[in-house]
Amino acid sequence: MWRLGGRVGLRGCIGAGRLLCSRFQSRGSPGVEDGDRSQPSSKTLKIPKIYTKTGDKGFSSTFTGERRPKDDQVFEALGTTDELSSAIGFAMELAMEKGHSFAEELEKVQCLLQDIGSALATPRSSAREAHLRHTAFEARPIQELEQWIDKYSSQLPPLTAFILPSGGKSSSALHFCRAVCRRAERRVVPLIQMGETDANVAKFLNRLSDYLFTLARYAALKEGNQEKIYKKNDPSD
């Protein structure tokens, strides 16, 4: 299985969405109330601020320490990937309400998108070898996505017409995720063409959109909802 916690926290942020560093996440043992936990001395406790003001002039840092404009292609790709993860989080909550077991897969996908963010935030033109080793994105998750696609496709009726995003809340949310995923892929392709990031990133996003489409159909099927079929507009009607 994939590493779920790997490579999150690119100096506190990934693109438009700021990720919590491990030092932000030390909240103690689960189930322990704050009042029951031993409190550190006020002299040693330093609460980090969510804002840094370092980006107020329209520039942000990559994982390599390079400063780039916030509308740079790297941050466009990072921001869209973050948007995709947020959309998947919404779809996952709807899926959990319906008791879908694939909600766990969606959470894994979110973790992989964090890894993709790490890879995108490490432009090869300014990265050292140590940076690249730390943020390399492997091909193994792509193969697992293909296994999931095959698993759900085998349970679906053949697709004989274009379908519209529909089929209930879970299905429609997954269709929306698919559309955002396609946009993320379009943002990543120029970086690959420039040699700034690994081709596995685009391959993963390409396969992920297929997975989300298949999953949207599967969700509609399991919930007993009808998918709406595209019908060409007839002016005579």
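The values are calculated or read from the model by the stated rules, or taken from the named source; none is laboratory data. Note that the structure is a prediction, hence the values are computed from the model and not measured. Here the Cβ is made from the backbone with ideal geometry for all residues, glycine too, and neighbour counts use every protein chain on show.
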* Asked: Under the condition of being in a loop (DSSP other than H, G, I, E, B) and polar (S, T, N, Q), which residue from segment 181-237 is surrounded by the most Cβ atoms within 10 Å (Cβ to Cβ)?
  -> Thr197
* Structure fact -> Of (1) in a helix (DSSP H, G or I); (2) touching a Leu at 6+ places or on another chain (Cβ under 7 Å), Leu94 fails just (2)
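Is segment 72-86 home to any residue that is in contact with a Cys (Cβ under 7 Å, 6 or more places away or on another chain), buried (at least 21 other Cβ atoms within 10 Å of the Cβ), modelled with pLDDT of 95 or more and assigned to a helix (DSSP H, G or I)?
yes
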* To do: Could you list, in sequence order, all residues of segment 69-119 that are among the aliphatic types (A, V, I, L, M), closer than 18 Å to Lys151 by Cβ and without any contact (Cβ under 8 Å) to a residue 12 or more places away in the chain?
  => Ala103
* Asked: Which one is modelled with the lowest pLDDT among residues in segment 124-147 that are in contact with a helix residue (DSSP H, G or I) (Cβ under 6 Å, 6 or more places away or on another chain) and surrounded by 15 or more Cβ atoms within 10 Å (Cβ to Cβ)?
  -> Thr135
* Asked: Which condition number does His100 fail, the rest of (1) in a helix (DSSP H, G or I); (2) of a type outside the set (Gly, Ala, Ser); (3) out of contact with any Gly (no Cβ under 9 Å at 6 or more places or on another chain); (4) surrounded by 19 or more Cβ atoms within 10 Å (Cβ to Cβ) being met?
  -> (1)
* To do: Please work out if Thr54 is outside any helix (DSSP H, G or I), of a type in the set (Ser, Thr, Tyr) and surrounded by 15 or more Cβ atoms within 10 Å (Cβ to Cβ).
  => no
